[in-house]
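Colleague: This is the structure I have questions about; it appears just below.
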Amino acid sequence: MKAFDVIVIGAGPSGSACASLCSELGQRVLLLEASRFPRDKVCGDCLNPAAWPVLERLSVAERVRILPSSSPEKIRFSVASAGSAEILLPQSNTNTSELVVRRRDLDELLVSHAVEAGVLFQDGSPVTGLRKISGEWEVTTSTGDHHLGKLIVAADGRNSVTARHLGMHTSRRSKGRIGLQIHIPHPAGYDGALEMRIYRHGYGGLADLGNRLANLCLVANDGEMKELRKEAEIHYGLTSACAWRSITPISRARARHVAREGVFLCGDAARIVEPFTGEGISFALRSGALLADILNMAKSGSSKVLASQEKLYRRGHRDLYRGGLLVNRLTCLLSEHPKVAHALSPFLLKHPKLLSFLTSKVISICYIALHCF
Ligand SMILES: Cc1cc2nc3c(=O)[nH]c(=O)nc-3n(C[C@H](O)[C@H](O)[C@H](O)COP(=O)(O)OP(=O)(O)OC[C@H]3O[C@@H](n4cnc5c(N)ncnc54)[C@H](O)[C@@H]3O)c2cc1C
């Protein structure tokens, strides 16, 4: 059985970022991933500008910029049978604007960087069990491997096995919603704008991936997805034979504990944000970086040091999300009530300045300070 300072479970943006930054400072890090890489993922593929400081810090920003991608110049908001409005997106000449990049490419790049930084990466290794042995964590995978880690980073996404296994999520049930996603050739006449559409049965987004491909995502309440899918297929001229990927839940109460007994949750495992505003990847990267900063402060592993690391992370994690999610929460509320959303949205279309203001609250070109301890 091999021993590590940190075992990271899940190689999405939060896990890879945290693993790289811990390894760069000399920690022995194992990154365990359930899927075989490269892999696609249900996501809108939109990278919020707030992600750039972490990508710069990881020294991968230039490599991200040369991936097949697009930098949309405008967002088109539309409401089924009520018209549309277009908002220009802030552009910058410092390469820090919104980017649409396929998750398969982005996540593969982040993992490659982690491996270059010294992380031991094992894909095709779903974690199936965790137990504490003499103050350390034994992690078991479905491949029958056992690993020992002083600390565990659970970055295993919205359905975190780790959080569930250790009772770190709340038992409160989230509203049953589902997300679908597909990559499609550009629909006829598509101009590359980021499209957000309120349908009768839910919402959807279309984003240009820059190589004649677009990402189409849909979100609806459980019982309404069939109708939403039909609406979207008609709107974009798709056949009903398309191979959609699906994911659930779309929202969940934040984790009851983000840090406990040497296990730290980050990214979606700790807190999910509503997909509509395209902020999940940037929060995942930022929470991964925040956690690495705290784990790198001390390697002593004494219970006193661990307690102060857990306390710092709880506080830092709360501050990371505080205040920045007003628009996100609003869209979550509306998306759980599609009839209300559909009734209110035409008002927004008539007030493009308000739309523009709300958009600027989500997509603004600024370097958000990273947490440094
Ligand atoms: C429909 C939809 C659209 C979205 N669109 C956007 C968008 O446009 N922009 C945006 O920023 N965000 C978007 N998001 C949110 C975004 O996808 C997530 O916030 C982001 O992926 C979180 O990253 P993460 O690293 O925390 O987790 P993930 O990216 O979910 O990665 C978790 C990893 O853990 C692995 N894993 C799971 N279980 C185990 C296990 N037992 N053992 C080992 N590994 C395991 C998984 O295979 C996965 O690779 C969207 C979400 C949805 C549902």
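The values are calculated or read from the model by the stated rules, or taken from the named source; none is laboratory data. All figures in this text were calculated on a predicted structure; none of them were measured in a lab. Cβ sites come from the backbone with ideal geometry, for glycine too, and all protein chains shown count toward neighbours. Just so you know, the surface numbers come from the protein's heavy atoms only, side chains and all, with ligands and any DNA or RNA stripped out. Shrake-Rupley method; radii C 1.70, N 1.55, O 1.52, S 1.80 Å.
Colleague: State all residues of the stretch 234-267 that are crowded, with 19+ Cβ neighbours inside 10 Å and farther than 18 Å from GLU336 by Cβ; if no residue qualifies, say none.
Modeller: Passing the criteria: TYR236, ALA255, VAL258, ALA259, GLY262, VAL263, PHE264, LEU265, CYS266, GLY267.
Colleague: Picking from LEU110, LEU55, LEU89, which residue would you name as being over 20 Å from the mean Cα position of the chain (by Cα) and open to solvent by less than 20 Å² (accessible area, probe 1.4 Å)?
Modeller: Result: LEU89 is the single residue among LEU110, LEU55, LEU89 that is over 20 Å from the mean Cα position of the chain (by Cα) and open to solvent by less than 20 Å² (accessible area, probe 1.4 Å).
Colleague: Filter the stretch 268-293 for residues that are open to solvent by 10 Å² or more (accessible area, probe 1.4 Å), over 19 Å from LEU99 (Cβ atoms) and assigned to a loop (DSSP other than H, G, I, E, B) and give the result.
Modeller: ARG271, ILE272
Colleague: Out of GLY144, GLY149, GLY167, I need the residue that is more than 18 Å from the chain's Cα centre (by Cα) and surrounded by 24 or more Cβ atoms within 10 Å (Cβ to Cβ). Which one?
Modeller: Just a single option satisfies the conditions, and that option is GLY149.
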